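Read the structure below first, then the notes.
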Amino acid sequence: MNRSEISDLAHTRHPIASPLSNETVDRLLALAVTGQRSVLDLGCGDGTWLLRALRREPTLTAVGVDVSGAGFDRVLEQANREGLGERLQLVHADVREWRTTEKFDVVLSIGAAYAFGGLLPTLAAADEHLHPDGQLLLGDCIWEQAPSEQTLALLGAATDDYCDLSTTVQAVDSAGWVPVEGHVSTLQEWDSYEWSWTGSLARWALDHPDHPDSQQVMTASVEHRRAWLGGYRGTLGFLTMLLRRSTLNAAPLR
């Protein structure tokens, strides 16, 4: 079973592939897509964000792009059952290479900055696809506190992969974007996400003991749980921001 298939399986009970509650997702989507006509999700996972956006806004059309494609069939089937299929397009492609002449009212990129090489390249990629007065809903990791060497080793990360909250927001601001809403995932949201992630894999492995991939899936669950509980819990954070461009200069500090 490849990495994308394991990830899709891990999100069986928590289809939003980020540490965000249903209530948080609903609130952010309402702010992002209400009254809008088109939305693009760069690194859309299985397309769940877009399906939820379409349920909320009856005139919205949606395009999602992801290199995996895992879960596309499932989400498209659900969209068709709900009469939303004609408004949803899911594209199996590398987001770094995918191009279109269309400009979108809203761009989403939640937890996909690694695909672009970091936060600032993600902002630049989103900018290419966005109307001048459009909105970007961006989600990426931050450091809640300085990571230990053990945490970095468990994550396979480097200290400069992420910044703290203040530095991250300042970097976004310096790149010409203005946060008009934001959310830092709570520890409860993180715990709910991680228990669901590891538990979905463990449940599948226990329910399919004779499957040739059962041991691999159980190992993935155990290793992820150890990295979370023994390393990054309370250290790795997640910031989601609704951003707009601005040509105005920030007010000077006094």
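The values are calculated or read from the model by the stated rules, or taken from the named source; none is laboratory data. Just so you know, these numbers come straight off a predicted model, no measurement behind them. Cβ placement follows ideal geometry from the backbone for every residue including glycine, while neighbour counts extend to all protein chains displayed. Ligands, DNA and RNA are excluded from the accessible area calculation, which covers all protein heavy atoms including side chains. Shrake-Rupley method; radii C 1.70, N 1.55, O 1.52, S 1.80 Å.
Let me spell out the model: positive unit charges on the Cβ of Lys and Arg, negative unit charges on the Cβ of Asp and Glu, origin at the Cα centre of the range 1-78. What dipole size does that give, in debye rounded to 20?
Values: 8 positive and 10 negative charges, 46 e Å.
With Lys and Arg at +1 and Asp and Glu at -1, about 220 debye.
Just going by the charge dipole of the chain, with Lys and Arg at +1 and Asp and Glu at -1 on Cβ, which of 246, 174, 185 is farthest out on the positive end?
So the residue furthest toward the plus end is 246.
For the chain, what is the calculated [θ] at 222 nm in deg cm²/dmol (nearest 500), taking -39500 (n - 2.57) for each run of four or more DSSP H residues and dividing by its residue count?
So the helix-based figure for the chain works out to -12500 deg cm²/dmol.
Using only the alpha carbons, work out the radius of gyration and Dmax of the chain in angstrom.
According to the Cα coordinates of the chain, Rg and Dmax are 18.5, 67 Å.
What are the residues whose amide H is under 5 Å from the amide H of residue 61, where those residues sit 5 or more places off or on another chain and H is modelled from the backbone?
Close amide H contacts, sequence-distant or interchain: 38, 39.
For the range 67-170, with the dipole built from +1 on Lys and Arg beta-carbon atoms and -1 on Asp and Glu ones, taken about the Cα centre, which of 71, 165, 136 lies farthest toward the positive end?
The residue sitting farthest along the positive end of the dipole is 71.
Where the only charges are on Cβ atoms (+1 Lys, Arg; -1 Asp, Glu), what is the dipole of the chain about its Cα centre, to the nearest 20 debye?
Dipole magnitude for the chain comes out near 460 debye.
Computing the accessible area with a 1.4 Å probe over protein heavy atoms, can you report the carbon and sulfur percentage for the range 1-126?
Using a 1.4 Å probe with all protein chains present, the range 1-126 comes out at 49 percent carbon and sulfur.
Report ³J(HN,Hα) in whole Hz for each residue of the range 82-99, in order, from the Karplus equation J = 6.51 cos²θ - 1.76 cosθ + 1.60 where θ = phi - 60°; Gly and Pro get x.
8, x, 10, x, 5, 9, 10, 10, 10, 10, 8, 7, 6, 4, 6, 10, 5, 9
Could you calculate the FRET efficiency of residue 215 with residue 149 from 1/(1 + (r/R0)^6), where r is the beta carbon distance between them and R0 is 25 Å, rounded to 0.05? Write down the numbers at each step before the final one.
Values: r = 30 Å, r/R0 = 1.19.
According to the calculation, E is roughly 0.25.
Would you please calculate the Kirkwood hydrodynamic radius of the range 18-147 over all C-alpha pairs and express it in Å, rounded to one decimal? Walk me through the numbers before you get to the answer.
Numbers: mean 1/r = 0.0673 Å⁻¹.
Evaluated over the range 18-147, this radius sits at 14.9 Å.
At 7 Å along the Cα-to-beta-carbon direction for both residue 170 and residue 89, put a label point, then send me their distance in nm to one decimal.
Here the modelled spin labels are 4.1 nm apart.
If you roll a 1.4 angstrom probe over the protein chains with everything in place, what fraction of the accessible area of the range 151-253 belongs to carbon and sulfur, to the nearest %?
Whole-percent figure for carbon plus sulfur exposure: 54.
Figure the gain on full extension for residue 222 and residue 1 (residue separation times 0.36 nm, minus the Cα-Cα span) and round it to one decimal in nm.
Full extension of this stretch gives 78.0 nm more.
Taking the Cα centre of the range 87-145 as origin and charging only Cβ (+1 Lys, Arg; -1 Asp, Glu), how large is the dipole, in debye to the nearest 20?
Approximately 160 debye in magnitude.
Excluding ligands, DNA and RNA, what is the solvent-accessible area per residue of the chain at a probe of 1.4 Å, expressed in Å²?
Counting only protein heavy atoms, the per-residue value for the chain is 51 Å².
Non-local amide H neighbours of residue 142 (under 5 Å, H modeled in plane, Pro and chain starts lacking H): which ones?
Residues meeting the amide H criterion: 237, 238, 239.
Name the helices (complete DSSP H segments) of the chain with a Cα length along the long axis of 15 Å or more and a Kyte-Doolittle mean of at least 0.0, or state none.
Helix filter hits for the chain: 22-33, 119-129.
For the range 87-199, taking Cα atoms only, what is the radius of gyration to one decimal and the Dmax to the nearest whole Å?
Rg then Dmax for the range 87-199, in Å: 15.9, 47.
After finding the eigenvalues of the alpha carbon gyration tensor for the range 157-214, what semi-axes result from the square roots of 5 times each, listed largest first in whole Å?
38, 14, 10
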